[in-house]
């Protein structure tokens, strides 16, 4: 029986690696679509993506996989819960159960539609015209409803009571793709509790900003001086390399919306966008995507194609990007080294600026319209808005045509500001055009995880601040490799964070970190 089980397991791994290769082909085409493809190729690219999605689905739902899983699950190979076979089989079973609920026609249509919808989103955003994008969003939402309904009866991903008995079952099912084990109701409670802490903190920081003369545009005007694009490119690449991103196994390109994609071992792509009057756009955008890239480059290459070679969740993935962007990249130790470099590179913009003034600028807090440009205190309010809106879209409570007005209303109620155009309103994110419904909550989960991981790293690495002041981050990266990256999907997100930090995920670490930082910066 052991030999049979071992053979079955090896066959499963081989099939998983083939699926990984197919996925990497799709990832490469998706990267090309966002960076290099001429707009005239969008229809053909949609057909390519649909074909690959169909092939992947056909192989992933082969009944033979179910038979092999059953053989291994009945053997001693999975007796130790955190062994490689047990973890791989657990996650392969989870994926198989989800995939077999989805008709190939739906999978192909989703791939085709989202490929085309992303191109329409780019054009609509450029024209600031929601009506141009609305028909495509209608199609995406309709398909995601179908997908959610297909998946909602799986015990591990949907309602424990099954389907229609849980009003959140459809959204729960889609959320499972990004953050295994997370539930809508739990996130709603968590986000509300976080909002209760953040709103008064934002008010306190605003009052301190007025007192110090840093309110409104005065707070970050330093970052809106002229920063030549070519010099920005050199500076961000130097910083990316210094914190550990391997340009021999990765690259940086320009896109409308920054992202990171892991093509496979030795090939991780990150992107950014540049604005000569917005230093933070590219710099912090690159640090954010570098965090994702470091995770991809730190996954065990020998496990490519299997769950042990994949990230634990998007929330954990986001924890890596937010840790490097905010916990490190907006901290005094980091800029103690990098600010003198920045003054040499951008002498005209920074020659009259002190380190304290620069730190105040990069940590400026003010309600804003654009999520990716938001400060780390107000950022989670942007996520809460999207979390609420996409649930309403999915349930049908919010007709697609009413999205702009609903978006503007929530921004007015939550942040006290309203978009003046669709481009800086409901068209600012690519996610819904790509079918990524249920993705947004992982950003706030990532912030929570990041604060907790960084607190633990600082407690274990006593000289961490000193290392960062010298421009050295290898020690921190090594800690993250050991605590997070090397495990792949051996553990579910909650368990992984608890093993890494000694405590279950807890938003109090994020609130405490923010309060400490702004007490030091603004004397709250």
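Do we have any residue at all in segment 377-389 that's closer than 29 Å to residue 204 by Cβ and assigned to a loop (DSSP other than H, G, I, E, B)? The answer is yes; a qualifying residue exists. Of the candidates 256, 182, 193, 208, the single residue that is at pLDDT below 95, farther than 25 Å from residue 427 by Cα and not in a helix (DSSP H, G or I) is 182.
In segment 243-259, what residues are without any contact (Cβ under 8 Å) to a residue 40 or more places away in the chain and either surrounded by 15 or more Cβ atoms within 10 Å (Cβ to Cβ) or within 18 Å of the chain's Cα centre (by Cα) (or both)?
251, 252
Number of residues in segment 459-474 that are crowded, with 16+ Cβ neighbours inside 10 Å and in a helix (DSSP H, G or I): the value is 4. Check whether at least one residue in segment 364-373 is surrounded by 18 or more Cβ atoms within 10 Å (Cβ to Cβ) and more than 16 Å from residue 411 (Cβ to Cβ), and report yes or no. Taking every residue of segment 364-373 in turn, at least one turns out to be surrounded by 18 or more Cβ atoms within 10 Å (Cβ to Cβ) and more than 16 Å from residue 411 (Cβ to Cβ). Of all residues in segment 91-115, those that are in contact (Cβ under 8 Å) with a residue 60 or more places away in the chain and surrounded by 19 or more Cβ atoms within 10 Å (Cβ to Cβ) total 9. When the criteria are applied in full, residue 282 fails the requirement of being more than 25 Å from residue 339 (Cβ to Cβ) and either in contact with a strand residue (DSSP E or B) (Cβ under 9 Å, 6 or more places away or on another chain) or surrounded by 24 or more Cβ atoms within 10 Å (Cβ to Cβ) (or both).
Against the list (1) under 30 Å from residue 343 (Cα atoms); (2) at pLDDT 95 or above, the condition residue 273 fails is (2).
The values are calculated or read from the model by the stated rules, or taken from the named source; none is laboratory data. Computed from a predicted structure; not experimentally measured. Please note: Cβ atoms are built from the backbone with ideal geometry, for glycine as well, and neighbour counts cover all protein chains shown.
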